[in-house]
Amino acid sequence: MSTREFEATVDTTAGPPGDPILFTPAGAMAGARRALPLGVSVFAVGAVFGVLARQVGLGLPGALLMSALVFAGSAQFVALGLWAAPLPVVAIVLTTLVVNLRHVLMGAALRPWLGRLPAALAYTLAFFMVDESWALTMGDLAAGGRDLAFLAGSGALLFVAWVGATLVGVTVGAALGDPAHWGLDFAFTAAFVALLVGMWRGTRDVAPWAVAAVVALAAAHWLPGKWYILLGGLAGSVAGAVFYDQ
């Protein structure tokens with residue numbers, strides 16, 4: 001489909017003002033290039049997942065299938081933490097659901113743009129909407145970008161890194177030993193710090209970020225499970241809406 005043909009299928013009257021939404025190979029390449037540095041961190045975290053999957057007895061086919069179908073690092077690590085015999089299916093499903101509810105907020109943030117795409121394409125892009133690709137795409141859109149293939153390119157690169165790292169972690173996990181010995185356990189934290197730096201827009205971000213951090217820490221201390229992820233995200237979103245409208 002050419003760019004002109006694609007634009008004809010897009011609702012250009014809804015959503016934020018500006019140029020028509022695009023979906024081009026150039027946009028996908030731009031997204032992949034921007035995601036390369038984060039891909040290194042994602043690969044490191046994926047290798048840790050592979051090592052831990054091997055340690056809990058999840059074989060190579062199972063680990064690869066989980067990474068390819070779930071493609072959500074935090075949820076997958078939570079699932080490994082609950083992995084036991086007999087498998088607590090209900091507990092794993094409910095816990096990972098809570099962890100991944102943040103994607104509802106992420107999707108809502110992209111709704112003004114994704115809502116202008118054909119439904120099949122929008123839902124396909126949602127699969128590649130992980131934390132890192134979402135943050136990079138939001139930054140690109142905030143800078144005036146209108147090519148949503150950016151999300152596809154960045155997400156696809158991270159997907160390949162994640163699944164490939166899972167393969168490496170499972171197959172050579174015994175040689176790696178304890179991931180903390182190599183500092184790989186810090187890769188997750190480093191990736192999110194880099195994302196925060198990239199999304200920084202000035203001092204007005206301090207208040208909502210601080211609210212999100214305080215609520216998340218309080219919830220982690222007082223509530224069981226992973227509710228702190230959702231509650232911190234909701235609190236930060238509400239604070240952002242309040243402070244940015246002033």
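Observations on the model:
- Principal semi-axes in Å for the range 22-146 [√(5λ), Cα gyration tensor, largest first]: 30, 17, 12
- Debye intensity ratio I(q)/I(0), log10, the range 83-152, q values 0.13, 0.14, 0.15, 0.29 Å⁻¹ (C-alpha model): -0.46, -0.51, -0.56, -1.36
- For R146, the amide hydrogen comes within under 5 Å of no other amide hydrogen, counting only partners 5 or more places away or on other chains and with H modelled in the peptide plane.
- Sorting the segments 35-42, 148-155, 52-59 by their residues' average number of neighbouring beta-carbon atoms within 10 angstrom, most packed first, yields 148-155, 35-42, 52-59.
- Prolate/oblate/rounded call for the range 112-167, Cα gyration tensor, a/c under 1.5 rounded: oblate
Read-outs: derived from the displayed coordinates by stated rules, not from any lab. Remember, predicted model here, so these are calculated numbers, not experimental data. Quick reminder, even Gly has a Cβ in these numbers, built from the backbone with ideal geometry, and neighbours come from all protein chains shown.
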